[in-house]
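Student: First the structure, which I've put down as structure tokens, then a few questions once you've had a look.
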Ligand SMILES: O=C(O)CCC(=O)C(=O)O
């Protein structure tokens, strides 16, 4: 792909840069959603064949699990990007990938991560406030997610919520707590008036970058909530980040640290893509 497509309007692109997230209605039709559902159920049915770490399960009793299709008791499926279905639904020519290229003004988009983030009916736990960049081992502030709703997302089943404009303010301190699924931002650091909930119909997609804080509540409804985050990024940015991470490791191993002028460091301590 050499040229940017024109799937998004200028207003949508401006909105994305202003708010830090963009809802696109009806990106996937019912036929595609049904095919993705079959694909994920098939993977979930073969859970025992995969290496540990691929699945995160919610604590359901054996009896509850027997009543559900395989995907119904899963909390997360990781590392889907090398699976055949990934190319079919989220490959380089998919609308998801092309829209990410438009939003970042950069055509060499790679599918970096693909997962399924599910919340089983009445069991799905919350995802605490976080910036994706805080959970990545490499610094890629222009990477962005296209999070596709496989089910309707509502207040009751844990729709996504964003901290409007937070992508312009750099990284926020995260903390760690036993029982939390990952590093998180303590809620008291956030101004509640800036929190925006994003209800979605099945097939809608929300785009957001690695620096915008976001969160979702537990699923208190009797219906599952499944979303598929596809993280895209440019090959050039990934290569640079991997090289940098490698260099930092080498420097630490060989104790090559040296003092850099404070003024220089201070001018660069805010990580913001814009
Ligand atoms: O699926 C969710 O509820 C959370 C999504 C999320 O944190 C992400 O895609 O980075």
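Student: For helix 235-253, what angle does its Cα long axis make with the longest principal axis of the chain, in degrees from 0 to 90 and rounded to 10?
Tutor: 70
Student: Calculate the spin-label point distance for residue 13 paired with residue 122, positioning each point 7 Å from the Cα along the beta-carbon direction, and give it in nanometres.
Tutor: Simple spin-label model gives 4.8 nm for this pair.
Student: Also: Under 15 Å from a point placed 7 Å out from the Cα of residue 196 along the Cα-to-Cβ direction: which residues of segment 122-166 have their backbone N that close?
Tutor: Residues passing the 15 Å test: 160-166.
Student: Full-extension gain between residue 247 and residue 6, please, as 0.36 nm times their residue separation minus the C-alpha to C-alpha distance.
Tutor: Full extension from residue 247 to residue 6 adds 82.9 nm.
Student: With r defined as the distance between the Cβ atoms of residue 37 and residue 61 and R0 fixed at 22 Å, what FRET efficiency is calculated, to the nearest 0.05?
Tutor: 0.40
Student: Running a GNM on the chain with Cα contacts under 10 Å, which residue among 166, 85, 210 ends up with the highest mean-square fluctuation?
Tutor: Highest fluctuation among the options: 85.
Student: If you don't mind, there's one more thing I want to ask. Sorted from fewest to most neighbouring beta carbons within 10 Å, what does the list 169, 217 look like?
Tutor: Ranking 169, 217 by Cβ neighbours within 10 Å, fewest first, gives 169, 217.
Student: When 167, 123 are ordered from fewest to most other Cβ atoms inside 10 Å of their Cβ, what list results?
Tutor: Ascending Cβ contact count within 10 Å gives the list 123, 167.
Student: Let me ask something else. For the chain, what does the helix formula give at 222 nm: sum of -39500 (n - 2.57) over DSSP H segments with n ≥ 4, over the residue count, nearest 500 deg cm²/dmol?
Tutor: Here the helix-only value at 222 nm equals -8000 deg cm²/dmol.
Student: Arrange the peptides 90-103, 185-198, 140-153, 230-243 so that the one whose residues have, on average, the most other Cβ atoms within 10 Å appears first.
Tutor: Those peptides, ordered most packed to least, come out 140-153, 90-103, 230-243, 185-198.
Student: If you don't mind, another one. Name the most mobile residue of 87, 256, 160, meaning the one with the largest mean-square fluctuation, in a Gaussian network model of the chain with Cα contacts below 10 Å.
Tutor: Sorting by GNM fluctuation, first place goes to 256.
Student: Take 252, 18 and order them by how many other Cβ atoms sit within 10 Å, fewest up front.
Tutor: 252, 18
Student: So how tilted is helix 30-45 from the main axis of the chain? Cα-based, degrees 0 to 90, rounded to 10.
Tutor: Between the helix axis and the principal axis of the chain, the angle is about 90 degrees.
Every read-out reported here was derived from the displayed coordinates using simple, explicitly stated rules and does not represent laboratory data. On a predicted model such as this, the values are computed, not experimentally measured, just so you know. Here Cβ is always computed from backbone atoms with ideal geometry, including for glycine, and neighbour counts include all displayed protein chains.
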